[in-house]
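Colleague: Handing you a structure now.
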């Protein structure tokens, strides 16, 4: 009986530890509305369910919201996918980017896409993120966004 108990304890420790280290962090901190520093450009994200978010990017022109792209982040098997559907590009078909890094820096990559190949969201605080869009090398741009608190 004692041997069974020891094996059970060892199994539980190994199982709980492996789950702890194998879980990927989901970027649900993006929930809400974010404003680009010094610009009237925004991203808004909603959590639809566990492992699924929907968002859109827009700018304000003459007090009207003009949407430029629709965004999704969702879990697909063991991967987390970021999909961007830019209006008037690619016939409206979304481009998928697979998350390759997570923690406080969330990196989504698609090496087969022309531009961008890499989109990164760095959580600096609860109300500030740093976004980088690049070809993975030298071409790209970056900006800071601040969360709008309702």
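Colleague: Run down 121, 143 and say which single residue is closer than 19 Å to residue 80 by Cα and either in contact with a strand residue (DSSP E or B) (Cβ under 6 Å, 6 or more places away or on another chain) or crowded, with 16+ Cβ neighbours inside 10 Å (or both).
Modeller: 121
Colleague: I would also like to ask the following. Among (1) at pLDDT 95 or above; (2) closer than 24 Å to residue 108 by Cβ; (3) surrounded by 10 or more Cβ atoms within 10 Å (Cβ to Cβ), which single condition is residue 25 missing?
Modeller: Residue 25 satisfies every listed condition except (1).
Colleague: So, one more: How many residues, within the stretch 106-118, are touching a strand residue (DSSP E or B) at 6+ places or on another chain (Cβ under 7 Å) and within 18 Å of residue 89 (Cα to Cα)?
Modeller: Result for the stretch 106-118: 5.
Quick grid of which residues meet (1) more than 25 Å from residue 37 (Cα to Cα); (2) in a strand (DSSP E or B):
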residue	(1), (2)
55	no, yes
58	no, yes
65	no, yes
68	no, yes
71	no, yes
74	yes, yes
83	no, yes
88	yes, no
91	yes, no
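Colleague: Still on this model: State which residue is modelled with the lowest pLDDT when the search covers only the stretch 106-150 and only residues that are under 21 Å from residue 34 (Cβ atoms) and not in a strand (DSSP E or B).
Modeller: This residue is 150.
Colleague: Ok, one more. State whether one or more residues within the stretch 94-101 are surrounded by fewer than 15 Cβ atoms within 10 Å (Cβ to Cβ) and modelled with pLDDT under 95.
Modeller: yes
Colleague: Does any residue of the stretch 31-38 turn out to be at pLDDT 95 or above, under 12 Å from the mean Cα position of the chain (by Cα), part of a strand (DSSP E or B) and closer than 21 Å to residue 130 by Cα?
Modeller: Looking through the stretch 31-38, none of the residues is at pLDDT 95 or above, under 12 Å from the mean Cα position of the chain (by Cα), part of a strand (DSSP E or B) and closer than 21 Å to residue 130 by Cα.
Colleague: Now a separate question. Right, residue 46: in contact with a strand residue (DSSP E or B) (Cβ under 7 Å, 6 or more places away or on another chain), within 22 Å of residue 150 (Cα to Cα) and part of a strand (DSSP E or B) or not?
Modeller: yes
Colleague: Filter the stretch 75-129 down to the residues that are touching a residue at least 60 places away in the same chain (Cβ under 8 Å) and within 22 Å of residue 48 (Cβ to Cβ) and list them by number.
Modeller: 99, 102, 106, 121, 123, 126, 129
Colleague: Quick one: residue 85 ticks every box in (1) touching a helix residue (DSSP H, G or I) at 6+ places or on another chain (Cβ under 8 Å); (2) loosely packed, with under 13 Cβ neighbours inside 10 Å except a single one, so which number is it?
Modeller: (2)
The values are calculated or read from the model by the stated rules, or taken from the named source; none is laboratory data. Fair warning: this is a prediction, and the values are worked out from it, not measured in the lab. Because the Cβ atoms are built from the backbone with ideal geometry, glycine has one as well, and the counts that use them run over all protein chains shown.
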